[in-house]
Every structure is written in structure tokens, then in C-alpha cells.
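All remarks here apply to the structure that follows.
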Amino acid sequence: MRTAARNLPRILLLAGLTLLPLRAGTNILFYPFARAFGSPPESELVNCRKAFTRLQTQLGTSRILIQPVLFVGSPRATWRDRPARELRRGLKEGGIQARFEIAGAAPEVHRPQLGHNQLRYLWQRSRDYSEWVRSAKPPGDYILFAEVFAHDGKVGAIHVFILDSSGQVAYCRLFNSHQFGPDLLADDGAPEHWIVSHLLKDLQRESTELFPPYGIG
């Protein structure tokens, strides 16, 4: 029995490799593991894919409200207007023809607790922002939120969210030192540049790349 338990991950991996030609089958096979790790249900991902496609087609004529950027350090967390203005400038220079506005006040959401599972945090946090959008009804067709977690002046994590006016997630991404390395400075505009450059690239991608079926991708 113990031998079988030890071999279970290997058996599942072999089963997944066997099904690699059938992508949907592979995704379904690993779906429970994605859910356990923090990925949302497929029904939610379907809605996100639809909302992302709408964002791609409507962006040029939309009104985008950029929230103050949340910088989380130890022990403080502050909402900052200057990084929001930098995001607006970078997106406009990147060719996005939307009507950008900076929100006058930060959203009323609780202080974030990142923990050790960044994916789970990303989706839990997206629901916090979704609830706030639904209740506060801020102006704009889309609302952009960004968070920067830093320690000793270096960035450890970045989260970016775009929700439509109904509170539906249209875009959400997480980044960490696996992508940007251990030396990304928190206060020299580097986080804003990272967000802008990757958002511009992501807007050219397929919805299934951003929100892969069954959370596997």
C-alpha cells in the first residue's frame, strides 16, 4: 500500500503524458490539482475568457479608470498616485487609445495577506476587487488595479487586475522573482514599466493563454 502511494504521482504523470495529444483530456486530468492549488473553477475561467476578448475589442473606445497602485511593505501598505500616473503614461505611449483616468481615492478593500500561495492569493484578491466594483460602482468601462509587494527596496511580487464595470475579471496576472529576478527596485519606476510592457504583450495574446482551460497551461 505504501509503495502504491509513493508511486501515485509517477502514475499520474505517466497518464498525463499518455494523454498529451488530447489537450482537453490532459487538462481535465490535472483539473483537481489546479483547483487544489488555487485556480478557479472552469465556469469562472470561461467568463474570464469572454471578458478578456471583449476587453481586446473594446479597449480603444473604452474609459479606463486606473486605481492608485498598492505598495505593500513591512509593516506598511500604501496606495500611491504617482505609479498610477506612470501606468497611464506608459499605456498611452504604448499605443492604447483608451480614455484613461486616475481614481481620486483608493478602493476600500482589506489589507492584503499574500501568504505562500501566490496563485490562490491572486484569485482571492480578484474577488475582493470584484465585490468592491459591484458595490462602489466606480466610473469607467474598465478598472485597473495593481499591487507591488516589496522588501528592503526590492520587488517580490506584482499583481495586475482589470475588471469590467460589472465586476467581472477580464485580466489578472501574477509576477514574481522567477520572472523579473531578485533585483527589481521598488521605487524607481521599474514595477510600473514591468506592468505596462507585459500588459501590452498580453493584450495581443489569445484568451486561452491568459485563462487556460481548466487552469492548466
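The values are calculated or read from the model by the stated rules, or taken from the named source; none is laboratory data. Remember, predicted model here, so these are calculated numbers, not experimental data. No Cβ is skipped: glycine too gets one built from the backbone with ideal geometry, and neighbour counts run over all protein chains shown.
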The stretch 155-172: number of residues that are touching a Cys at 6+ places or on another chain (Cβ under 6 Å) and farther than 16 Å from Leu200 by Cα: 1
Residue that is nearest to Leu119 (Cα to Cα), among those in the stretch 193-217 that are out of contact with any strand residue (DSSP E or B) (no Cβ under 9 Å at 6 or more places or on another chain) and of a type in the set (D, E, K, R): Glu209
Some residue of the stretch 183-191 being touching a residue at least 60 places away in the same chain (Cβ under 8 Å), at positive phi and surrounded by fewer than 17 Cβ atoms within 10 Å (Cβ to Cβ): yes
The listed residue being surrounded by fewer than 17 Cβ atoms within 10 Å (Cβ to Cβ), over 19 Å from Ala98 (Cβ atoms), among the basic types (Lys, Arg) and more than 14 Å from the chain's Cα centre (by Cα), out of Arg120, Arg111, Arg205: Arg111
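So that you can scan it fast, the table gives a plain yes or no per residue for (1) of a type in the set (S, T, N, Q); (2) at positive phi; (3) surrounded by fewer than 14 Cβ atoms within 10 Å (Cβ to Cβ); (4) modelled with pLDDT of 95 or more:
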position	(1), (2), (3), (4)
Asn27	yes, no, no, no
Tyr31	no, no, no, no
Gly38	no, yes, no, no
Asn47	yes, no, no, yes
Ile64	no, no, no, yes
